[in-house]
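Engineer: Got a structure for you, written out below as structure tokens; questions coming shortly.
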Amino acid sequence: MIVGLSRSSRPCVDGGSALTVSLPGCNFRCPYCDGGMPRGCAEADHSEAASRLRAGGGGAVVVTGGEPTAHLGLPSLLSDLKNAGARVILETNGSAPRVLDDVIGAMLVDEARMNVTPGWGAGRRAATGSDSPASALMESIDIAVGAGIPCELEVAAVPGIAGPDEIEAIAKGVSGHRGMALLRFDPSRASDPRLRLAEPYPGEAMRRMAAVAKRHVRDVRIYGLL
């Protein structure tokens, strides 16, 4: 399996950094995302990621996409990473709860990050380009929480798609959940040319949305501010 390797710019729960393993391709077609490997990734066979970990004595690895659960080779990749001493953090859009249940049940995932796609209600198809229902995401969240692994919900704040009202609706939909990450939209990654010209929400607007989300979710963090 060909993957992209890079270092994560986002700190782990323990404050450390992580190796990021990116898998290309996604079953969603979100207009604010390119669905591929982030810029700066070095392409490699997935065995190279395991080799790097062994050489460094293990550590945290974020497995992301695209959408990792769309790849048949995901269990093999995760197994190799675990055998190399990795603490595996899986980022997913939650559209494949059965796959998630299998890899968590096999003890191949230590932590989950769920991309809660804007368009929680009627606008979901327009926001994702997919017919995957929000119920699949909720089932995936329940699987991770029920397994007792940390599960952070990721929400991208995208002008015209996910603003203050949508962020609050999402927070209400997962009311009582422990953690949410509010991600500042990056226009350079948008697949829709119109969104490449959009201005991300300023820091103060992001902080206001986080404050509203905190009425429903216990811990809300903001990522992407300069």
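Engineer: Just for the range 197-226: of the residues that are in contact with a strand residue (DSSP E or B) (Cβ under 9 Å, 6 or more places away or on another chain), part of a loop (DSSP other than H, G, I, E, B) and of a type in the set (D, E, K, R), which one is modelled with the highest pLDDT?
Structural biologist: Restricting to residues being in contact with a strand residue (DSSP E or B) (Cβ under 9 Å, 6 or more places away or on another chain), part of a loop (DSSP other than H, G, I, E, B) and of a type in the set (D, E, K, R), the top hit is Lys214.
Engineer: Mind listing just one residue for me: the one in the range 120-160 that is of a type in the set (S, T, N, Q) and not in a loop (DSSP other than H, G, I, E, B) and, of those, farthest from Gly94 (Cα to Cα)?
Structural biologist: Result: Thr128.
Engineer: Just to check your reading of the model, which residue among Ala126, Ala162 is free of Cβ contacts under 8 Å to residues at least 60 places away in the same chain, closer than 22 Å to Ser188 by Cα and crowded, with 19+ Cβ neighbours inside 10 Å?
Structural biologist: Only one candidate passes the filter, namely Ala162.
Engineer: Right, something else. If you go through the range 154-171 one residue at a time, do you hit one that is under 17 Å from the mean Cα position of the chain (by Cα) and acidic (Asp, Glu)?
Structural biologist: Yes, some residue in the range 154-171 is under 17 Å from the mean Cα position of the chain (by Cα) and acidic (Asp, Glu).
Engineer: When you look at Glu168, is it surrounded by 14 or more Cβ atoms within 10 Å (Cβ to Cβ), in contact with a strand residue (DSSP E or B) (Cβ under 6 Å, 6 or more places away or on another chain), at pLDDT 90 or above and of a type in the set (Asp, Glu), yes or no?
Structural biologist: no
Engineer: Any residue at all in the range 178-196 that is loosely packed, with under 15 Cβ neighbours inside 10 Å, within 24 Å of Ile89 (Cα to Cα) and at pLDDT below 95?
Structural biologist: Taking every residue of the range 178-196 in turn, at least one turns out to be loosely packed, with under 15 Cβ neighbours inside 10 Å, within 24 Å of Ile89 (Cα to Cα) and at pLDDT below 95.
Engineer: Give the residue, chosen from Gly59, Gly40, Gly66, that is at pLDDT below 90, farther than 29 Å from Ile167 by Cβ and touching a Ser or Thr at 6+ places or on another chain (Cβ under 9 Å).
Structural biologist: Gly59
Engineer: Which residue is farthest from Ala18 (Cα to Cα), if the candidates are limited to the range 62-94 and must be of a type in the set (Ser, Thr, Tyr) and within 12 Å of the chain's Cα centre (by Cα)?
Structural biologist: Ranking the candidates gives Thr69 first.
Engineer: Next question, about the same structure. Looking at the range 85-105, I want the residues that are over 14 Å from Pro150 (Cα atoms) and have a partner that is among the acidic types (Asp, Glu) and outside any helix (DSSP H, G or I) with Cβ atoms under 9 Å, at least 6 apart or on another chain. Which pairs are those?
Structural biologist: Every condition considered, the pairs that remain are Ala86/Asp110; Asn93/Glu67; Ser95/Glu67; Ala96/Glu67.
The values are calculated or read from the model by the stated rules, or taken from the named source; none is laboratory data. It should be emphasised that the depicted structure is a prediction, and the values quoted were computed from it without experimental measurement. Reconstructed Cβ throughout: ideal geometry from the backbone, glycine too, with neighbour counts over all protein chains shown.
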